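Structure first, then comments.
The values are calculated or read from the model by the stated rules, or taken from the named source; none is laboratory data. Since the model is a prediction, treat every value here as computed from it, not as a measurement. Here the Cβ is made from the backbone with ideal geometry for all residues, glycine too, and neighbour counts use every protein chain on show. The accessibility values were calculated without ligands, DNA or RNA, using every heavy atom of the protein model including side chains. Shrake-Rupley method; radii C 1.70, N 1.55, O 1.52, S 1.80 Å.
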Amino acid sequence: MAALINVPTKAKRGEIIEIRTLTSHIMETGFRHAAAGDLVPRDIITSFTCRYNGSEVFRADLFPAIAANPYLSFFTVAKESGKFEFEWIGDNGYASTASASITVE
Amino acid sequence: MPTTRRRFLSLAGGVTAAGTIPIVMLRPLNATPTMLNAAIRNVVGEAPIRTGKIKLDIPPLVENGNTVPMTVSVASPMTADDYVRSIHVLNEKNPQPNIGNFYLGPSSGRAQISTRIRLADSQKVVAIARLSDDTFWQIAAEIVVTLAACTEEVN
């Protein structure tokens, strides 16, 4: 939904490209107390996956120590034209996806 | 020594304090170096940990522990038979010792990841890389935090 994805639209075959993703999420740690003294329940993204034409190229387990609105940057080799699919999974059934296309010459 | 009023009161106070400890100690406020070591052992098992190959790029002094930029990179050719399997980032004094686990492969091309993390206190951050030959490489950095994250009050 509210995700910013940065993938080059074009790349040469075999080129190493950087992928940057940012998604909007509170990442509530579950360790904070409200003014009344009760604990604010944990609500975080626990897992992120990036697939390139169906096969997984990057995966991450996230913990409360990841800042709000998780930003992740990683690399992959541009092999063929196609699609990157991104998936965030979290507490309380949270699931969000995004995708980006690339043309490889 | 006769039981004086002062002595009696101090003993009674001690008993009360001891009685409340199990309630207070249910969850330690912060991860401890012991928890960090346990978390490291969870990642590496009994394997020896070496230093080198891995680089942790993080500011040594941060004003706001709520969002600390961090980059981990590993010197690796990233070929089919010599690549980085995973990168694990851990901390010493947040409520939990884990920060993130990142899984790479030969198709990553370059073993480098960046993210933004939370630090609840001035502390040590540890990054461990697991290579395809199942060797583990570690680096640590000391960070001074002036405004802590994680446990502050919600307004």
| message | of a type outside the set (A, V, I, L, M) and buried (at least 21 other Cβ atoms within 10 Å of the Cβ): is that true of A:Pro8 in this structure? | response | no
| message | Condition first: in contact with a helix residue (DSSP H, G or I) (Cβ under 9 Å, 6 or more places away or on another chain) and surrounded by 16 or more Cβ atoms within 10 Å (Cβ to Cβ). Can you find one or more residues in the range A:81-91 that meet it? | response | no
| message | Can you confirm whether A:Pro41 is open to solvent by 10 Å² or more (accessible area, probe 1.4 Å) and either more than 13 Å from chain B (Cβ to nearest Cβ) or not acidic (Asp, Glu) (or both)? | response | yes
| Hits in the range A:19-64 - residues which are without any contact (Cβ under 8 Å) to a residue 24 or more places away in the chain, closer than 22 Å to B:Thr71 by Cα and assigned to a loop (DSSP other than H, G, I, E, B) | A:Phe63
| said: Quick check on my filter: what residues within the range A:58-80 are more than 12 Å from the chain's Cα centre (by Cα), open to solvent by 10 Å² or more (accessible area, probe 1.4 Å) and either more than 7 Å from chain B (Cβ to nearest Cβ) or farther than 11 Å from B:Ile99 by Cα (or both)? | reply: A:Ala68, A:Phe75, A:Val77, A:Lys79, A:Glu80
| request: Take the residues in the range A:15-38 that are facing chain B (nearest Cβ under 9 Å) and closer than 30 Å to B:Arg110 by Cα, then tell me which one is most open to solvent (accessible area, probe 1.4 Å). | output: A:Arg20
| remark: Here the qualifying pairs (Cβ atoms under 7 Å; residues six or more apart or on different chains; first in the range B:96-123 and at the interface with another protein chain (Cβ under 7 Å from one of its Cβ atoms) and hydrophobic (A, V, I, L, M, F, W, C); second open to solvent by less than 20 Å² (accessible area, probe 1.4 Å) and part of a loop (DSSP other than H, G, I, E, B)) come out as B:Ile99/A:Ala65; B:Leu104/B:Ala111; B:Ile117/A:Ala65; B:Ile117/A:Ala67
| If B:Ser76 satisfies every condition in (1) under 19 Å from the mean Cα position of the chain (by Cα); (2) more than 19 Å from A:Cys50 (Cα to Cα) but one, which is the exception? | (1)
